[in-house]
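Report on the structure given below.
The values are calculated or read from the model by the stated rules, or taken from the named source; none is laboratory data. Keep in mind that this is a model prediction, so the values were computed, not measured. Methodologically, a virtual Cβ is constructed for each residue, glycine included, from the backbone with ideal geometry; neighbour enumeration extends over all protein chains shown.
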Amino acid sequence: MPEQAFSESRTQADSEDDLPGAALAAIFAQPHWPQFRGPNGTGISHDGRPPIQFGVDQNVTWKTAAPAGHSSPCVWGDRIFVTGVEEKKLITLAIDRSTGRELWRKAVSVEKLEEHHPTSSPVTATPAADGERVYAYFGSFGLMAYGHDGQEAWRKPIPTPKSKYGMASSPILYRDALIQLIDTDGGDSRLLAFNRKTGKPLWMQERTQFTAGWPTPLIWSHDGQDDLVALGISRLMAYDPLTGAPRWWVDGFPQETVNSPVAGDGMLFASSAALGGRGNEKLDPNFWPELLKMDRNSDGKLQFDEIPNEYQLVLRSDLPKDHPGYAFPAPFKAMYKNADTDKDGALSEEEMKVSMGRFETFTKPVLMAIRPGGKEDAKHNVVWEMRRGIAEIPSPLFFQGAIYMVRDGGLLTCVAAKDGSVRYQERLGVGGQYAASPVAAAERIYVASQSGTVIVIKPGESAPEILARNNLREPIMATPAIVENTLVVRTAENLYAFGQR
């Protein structure tokens, strides 16, 4: 997998590292939540104290309308940046953090918006910000960079990647570089790095063995070294963030990956649900009783003509029936011939078990803990694995020595980071789907359900304490941001700032 460099090389003069120490310190002293999941993707604000109880008429600092989109807000200083879409215009907004007043709005028009999952959006990638600019990636266009005053700094059109669910990987910043992961089904998956100030290409690294994926990369700092970690189909890869050169990898992940990795306690944690969003190693054992409801001749088997043409095998009963992940995407009759192994035209319980066992083996959910020091194939650096309660969309949160994952149905799993033992699995009392990743501050965790409730949790060793369930009465797909004493939440139609009055 050879490294490929762009024709234009980066120059040290373009780096923010050249700023005087006092100026650089002043920039980073400003409160910020600079990218997807905050500082280096941790999801944690170490000095924030947002309110516990809030709602549409409680502890609202301000509320402002937001365009459609699933990207999360990012914050730098007195500005909140969000992206959205209106018809075929891809929008970047700046909002005053104190008042909620819109400071500026810029748009780039496209002829066609990218294809995306029915429950997703053509604007899902979260922008990244530094002390001078904000950077937005749109799968339908490419990269846009604006100054904090709204003036365009540079643009980098990128052909729309081939992905049946749309693009979701967000840009991250490292030294003088903006890094964008683009994994596609078109055979041209790659990592790209551009100079943050000028937009000039720095390097490109091909990832041709990867098809479409949706995680955001992570800079993992350990042992005096920085690794650029990118999770993709079946494999987690680490690269040199200065050149893009591959360093090591770990195999054993499912065929589609959504969750972004996180680091803590000297280890890296990466997870992915199995195909179809399955979070446990074993499938629901109630497949056969459900199928026997169609056994019209009561022979204890299922004949081909007993199955309605439109019937689909239920995969995840915790989802609404109209959700694309509720059932297998193909009619059950399309699976029947492979499951009927003795070809007698009748499907038995044992044949069904064997068929489901093959599917379980083909795709397995996993959470891995990886220690540093890997070289090339680093499977031996995997400290532990677990295959229970793995989230489909929300990324894991490392907080106070534990990994927290939240699944559809409101199932919270707490795993000890040191050994992978499950401390507890508890229902949060709010069902339905979960897309936003959990975030944390002030000894508590904030979990947003897609239905619009933000649950505030005090984590414990054996069970969580539910401090509040705050219903905002609108769907939430975006991950909240935390800056100082403010929680910024993007709902389907609004941007809220909640603070203790």
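Say whether the condition of being more than 17 Å from Thr479 (Cα to Cα) and not assigned by TED's automatic domain parsing to the domain that holds Ile455 is met by at least one residue in the range 67-78.
yes
Take the conditions in contact with a Gly (Cβ under 6 Å, 6 or more places away or on another chain) and acidic (Asp, Glu) and apply them to Glu392. Does it pass?
Judged against the criteria, Glu392 is a match.
When you look at Ser260, is it free of Cβ contacts under 8 Å to residues at least 24 places away in the same chain, hydroxyl-bearing (Ser, Thr, Tyr) and within 21 Å of Val383 (Cβ to Cβ), yes or no?
no
Please indicate, with yes or no, whether at least one residue in the range 59-71 is of a type in the set (S, T, N, Q) and either touching a Gly at 6+ places or on another chain (Cβ under 6 Å) or assigned to a strand (DSSP E or B) (or both).
Within the range 59-71, one or more residues are of a type in the set (S, T, N, Q) and either touching a Gly at 6+ places or on another chain (Cβ under 6 Å) or assigned to a strand (DSSP E or B) (or both).
Glu360: among the acidic types (Asp, Glu), part of a loop (DSSP other than H, G, I, E, B) and touching a residue at least 40 places away in the same chain (Cβ under 8 Å), yes or no?
no
Could you list all residues from the range 46-76 that are at pLDDT below 95 and of a type in the set (Gly, Ala, Ser)?
Answer for the range 46-76, where residues must be at pLDDT below 95 and of a type in the set (Gly, Ala, Ser): just Gly48.
Tell me, which strands (runs of 3 or more DSSP E) wholly within the range 96-186 include 1 or more residues that are of a type outside the set (A, V, I, L, M) and buried (at least 17 other Cβ atoms within 10 Å of the Cβ)?
Passing ranges, in order: 102-109, 133-138, 142-147, 152-157, 177-182.
If I go through the range 380-410 residue by residue, how many of them are without any contact (Cβ under 8 Å) to a residue 60 or more places away in the chain and either hydroxyl-bearing (Ser, Thr, Tyr) or touching a strand residue (DSSP E or B) at 6+ places or on another chain (Cβ under 9 Å) (or both)?
The number of residues fulfilling the criteria is 7.
Out of Arg490, Arg444, Arg427, report the one residue that is over 25 Å from Pro73 (Cα atoms) and of a type in the set (Lys, Arg).
Only one candidate passes the filter, namely Arg427.
Being modelled with pLDDT of 85 or more and loosely packed, with under 12 Cβ neighbours inside 10 Å is the filter here; which residues of the range 333-353 pass it?
Listed by number, the residues that qualify are Asp342, Lys343, Asp344, Glu350.
Inspect the range 416-429 for any residue being crowded, with 24+ Cβ neighbours inside 10 Å, in contact with a Leu (Cβ under 8 Å, 6 or more places away or on another chain) and small (Gly, Ala, Ser) and give the result as yes or no.
no
Taking the condition buried (at least 24 other Cβ atoms within 10 Å of the Cβ) and part of a strand (DSSP E or B), does Leu467 pass?
It is false that Leu467 is buried (at least 24 other Cβ atoms within 10 Å of the Cβ) and part of a strand (DSSP E or B).
Would you please name the residue that is farthest from Glu392 (Cα to Cα), looking only at residues in the range 471-499 that are among the polar types (S, T, N, Q) and touching a Pro at 6+ places or on another chain (Cβ under 9 Å)?
Asn485
Going through the range 402-431 one residue at a time, which ones are within 18 Å of the chain's Cα centre (by Cα) and assigned to a strand (DSSP E or B)?
Those that are within 18 Å of the chain's Cα centre (by Cα) and assigned to a strand (DSSP E or B): Ile403, Tyr404, Met405, Val406, Arg407, Leu411, Leu412, Thr413.
So, in the range 470-487, exactly how many residues are closer than 23 Å to Trp76 by Cβ and part of a strand (DSSP E or B)?
Number satisfying all stated conditions: 5.
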